[in-house]
Amino acid sequence: MQTLLVCLSLQIFASVLASEFSIGFDNKYVTEGRDNLTDGGIYWLSATKDLSESYSVNVSVGDAASIDYQELLLTLEYANNAKNIDYYLAYTYIDFIVDDENDHELTAGVSTLVLTSLRPSIDYVYSQETNGSFIEFTLSNEIDINPRSNLSLYLGVAYDYGYASDLYDGYSHSMVGSALSYWVDDKLSLQGTVEYNIAGNDIKRTDDNKNQLWCGFRFIYRW
């Protein structure tokens, strides 16, 4: 019932206020190099409203396909650029619906475009619940295939400081992936992602966590 109410609220938000709506599925729920679910993938519904040129608000709901797990995320983001440097600051409230737990997270990131298509970026997140942080360094390259489609190739390395594991500080994992986007028209686009995560020593020491390969897709509608 809680999930149904959340989804209905999200649909109302999307139809009345949102400027972007997406629906998708990931065959695994992988974050910080770890699979967060004991079995199966996760469906996602997401709606974003641009409040101004710099501010936006997002509501996302995740519902696991094979187990009883739901997650609600509410995010307020500020994004801007200065002298060819893009940056953002965001606050996210996370509600773990089934467990009746929640978290407050602060995120920030910077990126810049070099050599025409290469984009190095740094992303940082702090969790109030764990009192820990997580940092990712990523290098991506976007390739325009034709006027309606492009391919983004990326690789990165991540470090955990009490965010995903309270027993270890340091190198978490490396990642390599690709995201293919295709615009059906000016409003509707399709996106597919494939990513491989190479586990560091802290992830490898647990029996159920290892290298992770996952893929996902999104239908994105903008108006």
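As a test of understanding, state the convex hull volume per residue of the chain from its alpha carbons, in Å³. Can you show the working numbers first?
Numbers: hull volume 29.0 nm³, N = 223.
With only Cα atoms used, the chain gives 130 Å³ per residue.
Of all trypsin sites (Lys or Arg not before Pro) in the range 121-211, which ones are in loop regions per DSSP and have a Cβ with at most 13 other Cβ atoms within 10 Å? Each step should come with its number before you reach the end.
Numbers: sites: ARG148, LYS187, LYS204, ARG205, LYS210; in loops: ARG148, LYS187, ARG205, LYS210.
Loop-located and lightly packed - ARG148, LYS187, ARG205.
What is the sum of charges, Lys and Arg at +1 and Asp and Glu at -1, for the other residues whose Cβ falls under 11 Å from the Cβ of TYR221? Walk me through the intermediate numbers first.
Details: positive: LYS187, ARG218, ARG222; negative: GLU20, ASP185, ASP186.
Overall, the nearby charge balance is 0.
For the range 55-163, what D do you get in µm² per second when you plug the Kirkwood radius from alpha-carbon pairs into Stokes-Einstein at 25 °C and 0.890 mPa s? Can you show the working numbers first?
On the way: Rh = 16.1 Å.
Diffusion coefficient, whole number: 153 µm²/s.
Excluding residues fewer than 8 places away in the same chain, name every one of the aspartates and glutamates whose C-alpha is closer than 19 Å to that of LYS210.
Of all the aspartates and glutamates, those that pass the test against LYS210 - Cα under 19 Å, at least 8 places apart if same chain - are ASP26, GLU32, ASP35, ASP39, GLU136, ASP160, ASP166, ASP169, GLU195, ASP202.
For the range 102-171, I need the span (max minus min coordinate) of the C-alpha atoms along each principal axis, in Å, sorted largest to smallest.
Extents along the principal axes: 46, 25, 16 Å.
Give me, ordered by chain and number, the residues 5 or more places off ASN102 or on other chains with an amide H under 5 Å from its own placed amide H.
Here the answer is PHE96, since their amide H atoms fall under 5 Å of that of ASN102.
For the range 123-152 and the range 49-117, compute the distance between their C-alpha centroids and round to whole Å.
Between the Cα centre of the range 123-152 and that of the range 49-117, the gap is 11 Å.
Tell me the relative contact order for the chain as a rounded percent, counting alpha carbon contacts under 8 Å between residues six or more apart.
Details: 569 pairs, mean separation 34.9, N = 223.
Rounded, it is 16 percent for the chain.
From the phi angles alone, apply the Karplus equation (6.51, -1.76, 1.60; θ = phi - 60°) to the range 36-44 and give each ³J(HN,Hα) in whole Hz, x where the residue is Gly or Pro.
For the range 36-44, the Karplus-derived couplings read 7, 10, 6, 7, x, x, 8, 8, 10 Hz, x marking Gly and Pro.
Would you please name the GluC sites (Glu not before Pro) within the range 22-106 that are DSSP coil residues with at most 16 other C-beta atoms within 10 Å of their C-beta? Let's see the in-between values first.
Numbers: sites: GLU32, GLU53, GLU71, GLU77, GLU101, GLU105; in loops: GLU32, GLU53.
Sites meeting the loop and neighbour criteria: GLU53.
Which net charge results for the neighbourhood of LEU153, defined as the other residues with beta-carbon distances under 12 angstrom from its beta-carbon, given Lys and Arg at +1 and Asp and Glu at -1? If you can, show how the numbers build up before the last one.
On the way: positive: ARG119; negative: GLU142, GLU195.
Net of charged neighbours comes to -1.
Working out 0.36 nm times the residue gap between LEU167 and PHE219, then minus their Cα-Cα distance, what length gain in nm do you get to one decimal? Please list the in-between numbers first.
Numbers: separation 52, 0.36 × 52 = 18.72 nm, distance 3.84 nm.
The span from LEU167 to PHE219 would gain 14.9 nm if fully extended.
Net charge near TYR126, counting Lys/Arg +1 and Asp/Glu -1 over other residues with Cβ under 11 Å of its Cβ? Mind showing how you got there, number by number?
Details: positive: none; negative: ASP103, GLU105, GLU129.
Local charge sum for TYR126: -3.
How much of the calculated P(r) for the range 125-223 lies past 23 Å, in percent of all Cα pairs?
On the way: 2039 of 4851 pairs.
Pairs farther apart than 23 Å: 42 percent.
Laboratory data are not the source of any read-out in this text; all were calculated from the coordinates shown. All of these numbers come straight from a predicted model, not from anything done at the bench. Neighbour counts are summed over all protein chains in view; Cβ atoms, including those assigned to glycine, are modelled from backbone coordinates with ideal geometry.
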